[in-house]
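Quick notes on the structure that follows.
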Amino acid sequence: MLPPLKYHLQTVRVRWRSTLATLASIALVVMVYLLVQSLAAGLDAIATQTGDMRNLMVLRRGSIAESSSLLTIDQIRTAKHLQGIAKDKSGAPLASVDTLVVVNHQRRDGKSMANVLFRGISQAGIELRQQVQLVEGRWFAPGRREAVASTKLRDRMAGMEIGNEIKIGADKLKIVGLMDGQGSAFDSELWLDSEEAKGLFNRDFYSSVLLRLEDGADQKSLISRLDTDKRLQVRGILETDYYREQTKTAGPIRFLGNFLAAVMSVGAVVASTNSMYAFMGKRTREIGTLRVLGFRRRTILAGLLFEGVCIGFCGGLIGCVLALPVHGLSTGTMAFESFTEVVFHFQITLTLVARAMAFAVFAGLTGSLLPALRATRMPVVDALKSA
Amino acid sequence: MVSIRDLSKVFYRGGQPVQALDNISLDIPSGEFLVLMGPSGSGKSTLMHLIAGMERATQGTCEVHGVDVAKLDESSLADWRSRNVGFVFQTFNLIPVLTALENVEMPLLLTKLSPARRREMAEAALDLVGLSDRAAHLPKQLSGGQEQRVAIARAIVTDPLLIVADEPTGNLDAHSAQEVLELLQALSHEPGKTIIMVTHDPKAAAYGSRVLHLEKGSLVAC
Amino acid sequence: MNIATFIIKNTWRNKRRAALTSLSVAVSLFLLTTLLTALRELTVPPEDVGASLRIAVRNKISLANTLPAKQRGNIQKIPGVALVSPLTFFGGRFKEDDGIGFAQFGLDADLLIGIFGEANLPPEQFDAFKKDRRACLVGRDSATRHGMKIGDRITVKGGIYPCDLDLILAGIYYGTIDDRNLYFHHTFLDEAMGNWGQVGTWWVKVKSAEQVPEVIRAINATFANTSAEVLAETERSFQLGFISMLGNVTAFIGVLSSVVVFTLALVTTSTMSLTIRERFRELAILKALGFKNGEIAAFILAESFMLSAAGALLGVGGGWLLYSKMSVSQATAGIFPFFEVTPQIAGAGCFVAVILSLISAVPPIISACQLTVVDGLKTLD
């Protein structure tokens, strides 16, 4: 025989004052967990959404990031003409020779500066990166000091509207178009012609080469040929793999999220145990009465735990609702690999919500376990006598 | 010592006025052991509360030793209580975390006495109720009768002229009740002490020097 | 017995409740301490003696772009400049899988002490460093962590530059704001790079503090409209530039801290009020005995203060103890090299605890004062 569900729900409603602390603390933990983890998820999303499986990136051997890689024209020429590289209509290898320059640029707020990645590419570079779409204006024309910025960059940085000119030393770079990287790392970049970037920024070297592999080409053997060539001193990596490895920045954020959630959950469980104890103290006689009426100890215990679960669930829901508004908001931070600012979105994924809710329910359950056990273990007669 | 004139008290319970005391006049001379009896809701407790300065009257005067208790404000009333009244409750109301001796000493914390003097006085009061050997016990380690005797010691430790007892034997067995009543009776023989006790129990009432009956807020003759 | 013993006994009467309440205060204050410490480390560049006389000169485009070595002569000629040294971040890796590890810088060995005078180093080690072009100096923190001894060979694989450095440890310094870095001869890097004629940054020591703004202006003007424009700034604003690059993350942690403090206040207030509400019967007895509202309020306040104080001791003190014993640097892969709970942070934690105890005492004080003696006794009989 179970005490009616309504009894428990009613109790939770009536005792709202003492429940409030528990509810608030669980909601807070869930909210903070979601906020921080959605940052990490946003950074992760960039890593998984950037690149094309068919592209091979060639970097200087030993370099950690594309922006700190240096390649000579000889190295590039050798890499381009390897067996297994796709050709364009004219029969030339489908490749983009990139020159990456980190440029300190003013933010939109006009006060602070951020490092922006300027990527010089060959004409094929646009074709190789299908996920980047031109949304306004036109692509840059080589030799005319033109560039295309991502819309997200335009939103965060000063002077990146179409028609604006960016001053670089004595030269100027004109923005002629806006592109959208669809959530990829390219959303944090400004593109221009590779040769022009070399000239503008006095570079002697290129940074990397992006190659399109032929359909059915043996990726592994191609990569190992690059990696083991003693004379060439380069390394090859699939473009998608390269971006998946760029997770250094998300790591500390995820750590922070887990740390906060862990410590705060201790607080939440303590708070909920505390208020449950106080509340059970007041209900001892009531519980004694239920038992005299014939309810079994186990069913009463289950009912009390159910109350805890309810509170946990409600707290979790409140936390999710509180965290939800940040979903999709765009923000930026410095990536540790390239020392440039990456633009990304808070992403509250279903997995995160599920994890947070599971936690909330668990915290509610844990918080009510000890007090409920104590209340139901008391002999019936003592329970009835207690004030 | 207590002089009551036209004393009335009206409560509002759920918006409805309840006449707890209706125009009572009464004199209680020094040294009396007055017993108030009557059914529940007759106003006996209210009368006692008013005399002891725990509540304020709606109308009338209540002079205790020349001070009109009904006219004092909250804070002066508290002061006045701490110096002039000793309380004994039905449920003892000892502070559970303090030992018997510490409970007795509690009211003395409101005085400017030295700690040594406070202790001395508390020991004397505890000795008077015959519980010197239980000084270090916590209330839960005492029997009901012993607890009530500690409460009496607490009531007399400041040497008040007025002691009020609200059903002091209500929670006690016959033997303990007798001990407590004898103790109160003995106290009433001390010079200048006045004792007012509320009870339901005719046997307990027999220990008083005068018994008054209340009904519906008025005194009735027996 | 006196009032104090009464309060202490009362506070701990329900040991479980008192312990849980203190614990929830402790957890929140621990969190607050941690966040404040992290925030401080992210936003405040450590104060440094001698820093006020130093100017950092970098490529105007960004720190990642180098400067021509031939600028040195021009800078040296500017009035007010005492010393000029190149300082190039090598960005190499000492061991694989070492997280961020430690940074390596090439500089003019002769000028190390002249410019970065706060480094403590035995003179004979400094001489040995100056004499050998392959020599390097390592901060004591890194030396201890990797078990380095003087005379050891240290190989650093290039991450930014296409060359590896094969160095010999000549000395171990200490006493700077960051005793982790490795310093080597810039000339050694020049050789390895085939005399490329570039440097990462210039570091300039100015003769007196009054001349700093003028020297900064002069350096910026000297290279304006050349192919390598520079940005000269004080060491402090150079470091603040790094922090600004972290972007919204710092603001985010700030917001988190305030949310935590707010909820902490809410939760603690309600638990403490709950604890005290249980004691209304006794408050009524005390009132009957003649204790006044002021005294009752003092009891409640003292009790909530004790609970808070115990929480603060556990939370702030525990945090301080934990972070001074544990190597946070190692746990966070070098992102937080110091993680020091400063007296200011501990003070802030304790201040919050005091405020909390005040706030949580208010609701029970109000209801206790409204309670009449008779009602107090009646409700509980």
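The values are calculated or read from the model by the stated rules, or taken from the named source; none is laboratory data. Please read these numbers as outputs of a predicted model, since none were measured by experiment. Counting neighbours? That spans all protein chains shown, and the Cβs are built from the backbone with ideal geometry, glycine included. Note: areas computed on protein heavy atoms with side chains; ligands, DNA, RNA excluded. Shrake-Rupley method; radii C 1.70, N 1.55, O 1.52, S 1.80 Å.
Structure data summary
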read-out	value
Check on C:E233, more than 30 Å from A:A250 (Cβ to Cβ) and more than 14 Å from every other protein chain (Cβ to nearest Cβ)	no
All positions within segment B:30-48 that are open to solvent by 20 Å² or more (accessible area, probe 1.4 Å) and modelled with pLDDT under 90	B:S30, B:G31, B:P39, B:S40, B:G41, B:S45
For C:E303: the one exception among (1) at the interface with another protein chain (Cβ under 9 Å from one of its Cβ atoms); (2) among the charged types (D, E, K, R); (3) touching a residue at least 12 places away in the same chain (Cβ under 8 Å)	(1)
Any hit, segment A:326-343, residues being among the acidic types (D, E), surrounded by fewer than 18 Cβ atoms within 10 Å (Cβ to Cβ) and either away from every other protein chain (no Cβ under 14 Å) or under 26 Å from the mean Cα position of the chain (by Cα) (or both)	yes
Hits in segment A:261-304 - residues which are open to solvent by 40 Å² or more (accessible area, probe 1.4 Å), closer than 30 Å to C:F262 by Cβ and of a type outside the set (A, V, I, L, M)	A:K282
In segment A:288-307, the residues that are of a type outside the set (A, V, I, L, M, F, W, C) and part of a helix (DSSP H, G or I)	A:G288, A:T289, A:R291, A:R297, A:R298, A:T299, A:G303, A:E307
Out of A:S90, A:S122, sole residue that is open to solvent by 20 Å² or more (accessible area, probe 1.4 Å), under 12 Å from A:A197 (Cβ atoms) and not hydrophobic (A, V, I, L, M, F, W, C)	A:S122
Answer residue from segment A:183-211, given it is polar (S, T, N, Q) and either without any contact (Cβ under 8 Å) to a residue 40 or more places away in the chain or touching a helix residue (DSSP H, G or I) at 6+ places or on another chain (Cβ under 7 Å) (or both) and is nearest to A:A45 (Cα to Cα) among those	A:S184
A:D88 vs. criteria at pLDDT 90 or above and more than 23 Å from A:T331 (Cβ to Cβ)	no
B:K140 being within 23 Å of C:V374 (Cα to Cα), basic (K, R) and open to solvent by 20 Å² or more (accessible area, probe 1.4 Å)	no
Looking only at segment A:232-265, and only at residues there that are more than 14 Å from chain C (Cβ to nearest Cβ) and outside any strand (DSSP E or B), the one that is modelled with the lowest pLDDT	A:Q246
Residue that is modelled with the highest pLDDT, among those in segment C:42-74 that are farther than 27 Å from C:V199 by Cα and more than 12 Å from chain A (Cβ to nearest Cβ)	C:T43
Selection count where residues are buried (at least 16 other Cβ atoms within 10 Å of the Cβ) and either closer than 19 Å to A:Q219 by Cα or not hydroxyl-bearing (S, T, Y) (or both), scope segment A:57-77	13
Residue in segment C:159-178 that is within 14 Å of another protein chain (Cβ to nearest Cβ), surrounded by fewer than 18 Cβ atoms within 10 Å (Cβ to Cβ) and of a type in the set (D, E) present	yes
Residue among B:E74, B:E63, B:E102 that alone is among the acidic types (D, E), open to solvent by 40 Å² or more (accessible area, probe 1.4 Å) and more than 18 Å from the chain's Cα centre (by Cα)	B:E74
Strands (runs of 3 or more DSSP E) contained in segment A:109-218 and holding at least 1 residues in contact with a Pro (Cβ under 8 Å, 6 or more places away or on another chain) and within 14 Å of chain C (Cβ to nearest Cβ)	none
Positions within segment A:213-236 being under 17 Å from A:I76 (Cβ atoms) and within 33 Å of the chain's Cα centre (by Cα), in sequence order	A:L213, A:L222, A:I223, A:L226, A:D227, A:V234, A:R235, A:G236
Pair list, Cβ under 6 Å, 6 or more apart: segment C:207-229 residue more than 14 Å from chain A (Cβ to nearest Cβ), other residue of a type in the set (S, T, Y)	C:A209/C:S52
Failed item in (1) charged (D, E, K, R); (2) in contact with a Lys or Arg (Cβ under 8 Å, 6 or more places away or on another chain); (3) more than 24 Å from C:R58 (Cβ to Cβ), with A:R231 passing the rest	(2)
Answer residue from segment B:59-85, given it is of a type in the set (A, V, I, L, M, F, W, C) and without any contact (Cβ under 8 Å) to a residue 60 or more places away in the chain and is nearest to the other protein chains (Cβ to nearest Cβ) among those	B:A78
Condition broken by A:L350, with the remaining ones in (1) without any contact (Cβ under 8 Å) to a residue 12 or more places away in the chain; (2) of a type in the set (A, V, I, L, M, F, W, C); (3) surrounded by 20 or more Cβ atoms within 10 Å (Cβ to Cβ) satisfied	(3)
Filter result (at pLDDT below 85 and within 14 Å of chain A (Cβ to nearest Cβ)) within segment C:328-357	C:V328, C:S329, C:Q330, C:A331, C:T332, C:A333, C:G334, C:I335, C:F336, C:P337, C:F339
Total residues in segment B:84-121, condition closer than 15 Å to B:T158 by Cβ and part of a loop (DSSP other than H, G, I, E, B)	3
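Results for (1) more than 16 Å from the chain's Cα centre (by Cα); (2) more than 9 Å from every other protein chain (Cβ to nearest Cβ); (3) touching a residue at least 60 places away in the same chain (Cβ under 8 Å), shown as yes or no for each residue.
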{"position": "B:M37", "(1), (2), (3)": "no, yes, yes"}
{"position": "B:S42", "(1), (2), (3)": "yes, yes, yes"}
{"position": "B:A57", "(1), (2), (3)": "yes, yes, no"}
{"position": "B:V88", "(1), (2), (3)": "no, yes, yes"}
{"position": "B:L98", "(1), (2), (3)": "yes, no, no"}
{"position": "B:L109", "(1), (2), (3)": "yes, no, no"}
{"position": "B:G130", "(1), (2), (3)": "yes, yes, no"}
{"position": "B:H137", "(1), (2), (3)": "yes, yes, no"}
{"position": "B:L142", "(1), (2), (3)": "yes, yes, no"}
